[in-house]
1. Got at least one residue in the range 343-355 being open to solvent by 60 Å² or more (accessible area, probe 1.4 Å) and free of Cβ contacts under 8 Å to residues at least 12 places away in the same chain?
2. Sort out which residues of the range 363-398 are outside any loop (DSSP other than H, G, I, E, B), more than 19 Å from residue 26 (Cα to Cα) and open to solvent by 60 Å² or more (accessible area, probe 1.4 Å), and write them in order of number.
3. Hey, can you tell me all the residues within the range 297-330 that are out of contact with any Leu (no Cβ under 9 Å at 6 or more places or on another chain), over 16 Å from residue 410 (Cα atoms) and of a type outside the set (Gly, Ala, Ser)?
4. Of the numbered conditions (1) modelled with pLDDT of 85 or more; (2) within 28 Å of the chain's Cα centre (by Cα); (3) outside any helix (DSSP H, G or I), residue 102 satisfies every one except a single condition; which is it?
5. Name the single residue, out of those in the range 190-241 being part of a loop (DSSP other than H, G, I, E, B) and in contact with a strand residue (DSSP E or B) (Cβ under 6 Å, 6 or more places away or on another chain), that is nearest to residue 161 (Cα to Cα).
6. Going residue by residue through the range 134-156, is there one that turns out to be open to solvent by 20 Å² or more (accessible area, probe 1.4 Å), assigned to a helix (DSSP H, G or I), free of Cβ contacts under 8 Å to residues at least 12 places away in the same chain and among the hydrophobic types (A, V, I, L, M, F, W, C)?
7. Could we say that residue 162 is free of Cβ contacts under 8 Å to residues at least 60 places away in the same chain, open to solvent by 10 Å² or more (accessible area, probe 1.4 Å) and of a type in the set (Phe, Trp, Tyr) here?
8. Right, residue 309: surrounded by fewer than 16 Cβ atoms within 10 Å (Cβ to Cβ) and either at positive phi or touching a residue at least 24 places away in the same chain (Cβ under 8 Å) (or both) or not?
Amino acid sequence: MFSLFRENTKIAFSSIKTQLLRTILTVLIIGVGIWGLVGILAAVTVLENTITGNFSSMGTNTFSISRYDFSEQIRQNSNEVKVNPTITYPQAKAFQEKYNFPLSTVSLSFTAASGIEVKYGAEKTDPEINILGVDHYFMPNSGLETTKGRNFTSFDIENNNYVCIVGSDFEKGILKDVNPIGRTLSIRGAKFKVIGVLKEQGSTFGNRQDLRVLLPIQVARSLFTAPNINYDIKVKTENQDMIDGAVDEAIITMRRVRKLNPVEGDNFGVERSDELLQRLITQIGILGTAAWLIGIITVFGSSIALMNIMLVSVTERTREIGVRKSLGATKNTIAMQFFTETLIISFFGGILGLLLGLLTGFGVSLLINASFPMPWTATMAAFGTVFVVTIVSGAYPAIKAAALDPVESLRYE
């Protein structure tokens, strides 16, 4: 059996060489289709892995209050955009003071500046650092950890200490080869003592999380002033079973802070980490569905192209089939010869598409600075497509070749 397969493989390669251009075009058709399938699935895998990793650290017992309800914006189809007022510092502070749900903590934060230059001695960063003003609850409520040093304490926040926590990229830059803890950084002319280094976070949609500096919120407010600054509120409850009640209490409290009457709608958004994660994954899943649709089209188009070249091959080699049958070749032998040729062409197209697809997924991971998990689903989809194309395209030409009459075949010109 093995010797027969080896002989059929040699004949298949010999036949492929005689019709090289048609074979290359067919391989490209199959390869491009599988490239689309594997490339999209690989990119989806990278995005899902990145989003899941970022949200899993926050847990499912947190939620945030922001200026807009982004879930409504995602579902909104009209061009009308409701402009909500910003969440001011007095409002955020009032919410923190009035919200008294059991076993819950409230953190306040805001983006003080973007594209800032930070100095350490004679060294300085590129102007790409994001500055956040936070309180001592921000890190635990955001699922952040330090690999060195510590978090802010209530003493740091209440006394406006000039201390800071830096992202992990600082250890690869201006704080390279030194112990960052205790070093003094210069930001906008102010001196800050480094008390902690954040655990590496990677990037989310190109936003580099490791190029940021956390400052005590009041210190950041004094250094960075701008009109219409919007403050973010994050709430964490220790009991997962109480999250629904915590969210309801937060909505009531925020409506009171915003001074909304009972008939007015909410002019702010509440995002639960678990619901937002599922919503984003659902949106990304649409891309996966598109990939499978491309896969179906690939199977259909590639099967037609491959079946066409195999039928032409059967016609061109009719005399060869007659000679082989007259020498004792059985129908099964002839059928396997042409089926093997179909398999080889499909295999080359599948390998080409798989490599291009994996390179596409890897390129996406480099683009968003994320890890590249092996997309096994995409790989199996590629091999499944090759199998389907081989069966669909190879069966009929192989059966047709095996059914040819040897006498009529020898007469064929």
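The values are calculated or read from the model by the stated rules, or taken from the named source; none is laboratory data. All values derive from a computational prediction rather than experimental measurement. Cβ placement follows ideal geometry from the backbone for every residue including glycine, while neighbour counts extend to all protein chains displayed. Note: accessible area is taken over every heavy atom of the protein model, side chains too, but ligands, DNA and RNA are not part of it. Shrake-Rupley method; radii C 1.70, N 1.55, O 1.52, S 1.80 Å.
1. Yes: the range 343-355 contains one or more residues that are open to solvent by 60 Å² or more (accessible area, probe 1.4 Å) and free of Cβ contacts under 8 Å to residues at least 12 places away in the same chain.
2. 366, 367, 376, 377, 380
3. Within the range 297-330, 297, 299, 300, 304, 306, 307, 308, 310, 311, 312 meet the criteria.
4. (2)
5. Taking the candidates together, the pick is 224.
6. Yes, the range 134-156 contains a residue that is open to solvent by 20 Å² or more (accessible area, probe 1.4 Å), assigned to a helix (DSSP H, G or I), free of Cβ contacts under 8 Å to residues at least 12 places away in the same chain and among the hydrophobic types (A, V, I, L, M, F, W, C).
7. Spelling it out, residue 162 is indeed free of Cβ contacts under 8 Å to residues at least 60 places away in the same chain, open to solvent by 10 Å² or more (accessible area, probe 1.4 Å) and of a type in the set (Phe, Trp, Tyr).
8. No; evaluated as a whole, the condition is false for this residue.
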